[in-house]
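Below you'll find the structure, written out as structure tokens, and then a few comments.
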Amino acid sequence: MPPLPESAPDPGSIPALDALGVVGDVPDDGRAPLAFEGGETAGKRRLEQYVWETDSLQEYKETRNGLVGRDYSSKFSPWLATGCLSPREVYATVGEYERERVSNDSIYWLVFELRWRDFFAFQFAKYGGQFFRPGGIRERTDVEWRRDDAAFRRWQEGRTGVPFVDAAMRELAATGYVSNRARQNAASFLVHDQGIDWRWGAAHYEHHLLDFDPASNYGNWAYVAKVGNDSREGGFDVLAQAERYDHGAEYVQRWCPELDGLVGAYAREPWLMDEDEQRERGVVLGEDYPKPMVDPEGL
């Protein structure tokens, strides 16, 4: 780039956070999957680490639904969302890796996710504000969304009594990041099991996510709520998802430590214990951990 013309005004110095009204330290939770650091240098370092240093890219298809750890997914999204990484640079790097090391389905799936990102951006360019209406771009008028402040607050705070959902919401609040698998299940619980306005949930994610991007966030929420693109039939079976992706309850117990010491099934579904077992194991529902806010039989 050529230098600024002499007639350009002095840009001044970059203001400190407190000058912008931002107070308090950035949360630093040791359970975070990655120490996210802003800037292009950090973004490129993560790209180099994930693709070349660890070879994690070649296993992306098998690991991308993971919940705990640094390299189960690329975690490029915070840098992509803030413009610190270019999707073209990621695409070029992936292509180079494919030519030099291995070509498999994992390469396809990572590029596929980049395409989804672009797809949502184009959808927002096409539909604009319609994406933010209750019925979404499908203009559905057959759904009456609830506006229950108390129920929504329990979901926000990770106190639904459904461990897989609570773990996701607590991780989000503590770190600003949560896996795609967990965030979709938490979203599904809010809109399908609680019937609460999907835009409330999308706004909560917007507030917390380090990788917040308007098109991807609201586009995915609309998809889960069945008012957007290619909407799935019904919601996620949260309990089945927890059993499949967190069978040993490592993720649940990481973020819901009050469930430590329980075997996998009891940690995922503590209501399976009768009152005597709850007392014996030190996890009494309603005292040590919330009672589920919905009938587990209906999940």
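The values are calculated or read from the model by the stated rules, or taken from the named source; none is laboratory data. What you see is a predicted model, and the numbers here were worked out from it, not measured in a lab. Heads up, the Cβs are rebuilt from the backbone with ideal geometry, glycines too, and the neighbour counts pull from every protein chain shown.
Odds and ends about this structure:
- The stretch 57-100, residues that are β-branched (Val, Ile, Thr) and closer than 29 Å to Ala168 by Cβ: Thr63, Val68, Thr82, Val90, Val94
- Taken over the stretch 119-158, residues that are out of contact with any strand residue (DSSP E or B) (no Cβ under 7 Å at 6 or more places or on another chain), surrounded by 10 or more Cβ atoms within 10 Å (Cβ to Cβ) and small (Gly, Ala, Ser) amount to 5.
Table: residues versus (1) of a type in the set (Phe, Trp, Tyr); (2) at pLDDT below 95; (3) not in a helix (DSSP H, G or I).
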position	(1), (2), (3)
Gly158	no, no, yes
Asp166	no, no, no
Met169	no, no, no
Arg181	no, no, no
Ala186	no, no, no
Phe189	yes, no, no
Ala203	no, no, no
Asp211	no, no, yes
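- Selection status of Asp118, under 15 Å from Gly219 (Cβ atoms) and touching a residue at least 12 places away in the same chain (Cβ under 8 Å): yes
- Scanning the stretch 214-238 for residues that are without any contact (Cβ under 8 Å) to a residue 12 or more places away in the chain and over 12 Å from Gly135 (Cα atoms) gives Asp230, Arg232, Glu233.
- Screening Val224, Val178 for residues that are within 12 Å of the chain's Cα centre (by Cα), β-branched (Val, Ile, Thr) and in the same structural domain as Arg268 (by TED's automatic domain parsing) leaves exactly one candidate, Val178.
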